[in-house]
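Only the coordinates and a few stated rules stand behind these numbers; no lab work does. Everything numeric here is computed off the predicted structure, so don't read it as measured data. Cβ sites come from the backbone with ideal geometry, for glycine too, and all protein chains shown count toward neighbours.
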Amino acid sequence: MARAFTGRRIAFVASAGVLALGLAACGGSSDSGSSSSAPAPESSAAETSEAPAPAEAVKVTLITKDSTNPFFVAMQEGAKEAAAASGVELTVGSGKEEGDDQGQIDLIEQAIARGDAGILITPMSQNVNAAIEAARAAGLYVIALDTPTDPPDVVDITFATDNCLAGEAIGQWAAGWLNGEKATIAELVIFDDRVVSVDYCRANGFLKGLGVEVPTLEDMASPAKSGSYTTGAGGEYEIACLEATGANEEGGRAGMEKCLAANDAINVVYTINEPTAFGAAEALKAAGKTIGEDVIIVSVDGGLAGVEAVKAGEIQATSQQYPLLMAKLGVEAIASIAAGGTPPSPTSANGEFFDTGVKLCTDMPMDTVTSAEQWTAQQCIDNAWG
């Protein structure tokens, strides 16, 4: 269970960006966000009137990629907390696993049929675009969380970490650690059969941060398999493998095993998220590699287990995101819009999304990191979700 927004987390939420949402009270709620009626006004001897009918609850659906990844579990908990506080009737659903486009499409169609005010979604891929467009045409306000749609204007707005900058930060960190040594790289991504923005943005962002030329951001196969990296001291690099993992621990283990079979000299492992990193670490240790000496692992997400692994030395650096904040702001935004409030505006440098922030978590800070503020593992633990 994700922890409540208390202590340092409240301070972080306040500093992450301001949404002037001005929420109207919509009554009490249960854990699922269902509303209760306001009490009837008192009648007087001079005038008696019937109590007005209770306002219909604002209905919102949250659709994540799955319900097992700690990142999405935390996002669901953040949405439930915000729904309970805002009097929103919340429906939570997900695909069965990463790649279940149809599961997300079915949930979008159900939200339309239910007459929801809006949808929060971590979109699986471009395959769900048509369903999102249908929801907007039906009058639902749609917010993407964490994963921007491709193109970005398929949704009304996105609340997310800048995944490209998150990737760049760990690439810049890796360049500092290498200090001119050759980088023999394993890339453990989500998919190899579809285009997903969070996948290519993190992976190619990592390479850009390292100082590798990336001809086409949207194409993870576009960088040359070998050449020179330029960040920090600079040096030579070789991409030993690019393996799809499904963004889970089992996939990380299997992918890393394939990479080591292809090239036993791998010394830099990029992973799409921390569950993938945990699987990769198991495979590396089974192969007799010393993590932090023979090889480094860098990742993105910043969940509690992930940043505890940074403190323990199993992951050397990870970029921390804030899924509870994304979900909280998303629920509040739809509730505000339903009450007549102003829709939120993008805050990112490119004007495409509302940036919920990123920190680089490591106990070995590097001067080469410029894309994110560096926090110690303990600082990240204090602000972690999951």
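Laid out as a table, the results:
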{"item": "Nearest 10 degrees, 0 to 90: helix 101-114 Cα axis against the chain principal axis", "result": "10"}
{"item": "Helix-only [θ]222 nm of the chain, DSSP H runs n ≥ 4, -39500 (n - 2.57) each, per residue, nearest 500", "result": "-11000 deg cm²/dmol"}
{"item": "Exposure proxy order (Cβ contacts within 10 Å, fewest to most) of W375, W173, W385", "result": "W375, W385, W173"}
{"item": "D_trans [Stokes-Einstein, Kirkwood Rh over alpha-carbon pairs] for the stretch 337-386, 4 °C, 1.567 mPa s, µm² s⁻¹", "result": "95"}
{"item": "Separation between Cα centres of the stretch 251-295 and the stretch 343-386, rounded to whole Å", "result": "25"}
{"item": "Residue-wise HN-Hα coupling along the stretch 348-360, computed from phi with Karplus coefficients 6.51, -1.76, 1.60 (Hz; x: Gly, Pro)", "result": "6, 4, 8, x, 9, 7, 8, 7, 9, x, 8, 10, 9"}
{"item": "Cα-based Rg and Dmax for the chain, where Dmax is the largest Cα-Cα distance (Å)", "result": "22.3, 89"}
{"item": "Part-to-part distance (alpha-carbon centres) for the stretch 65-113 and the stretch 157-200, which is given in Å", "result": "26"}
{"item": "3J(HN,Hα) from dihedral phi, the stretch 315-329, Karplus parametrisation 6.51/-1.76/1.60, rounded to Hz, x for glycine, proline", "result": "10, 8, 7, 9, 8, 8, 10, 9, x, 4, 5, 4, 5, 4, 5"}
{"item": "Long pairs among K65/K289; K208/K289; K182/K289, criterion Cα-Cα beyond 29 Å", "result": "K65/K289"}
{"item": "Square roots of five times the Cα gyration tensor eigenvalues for the stretch 191-345, Å", "result": "32, 20, 15"}
{"item": "Extension gain, A312 back to D193 (0.36 nm per residue minus Cα-Cα distance, nm)", "result": "39.4 nm"}
{"item": "Given charges at beta-carbon only (K, R positive; D, E negative), |dipole| of the chain in Debye", "result": "540"}
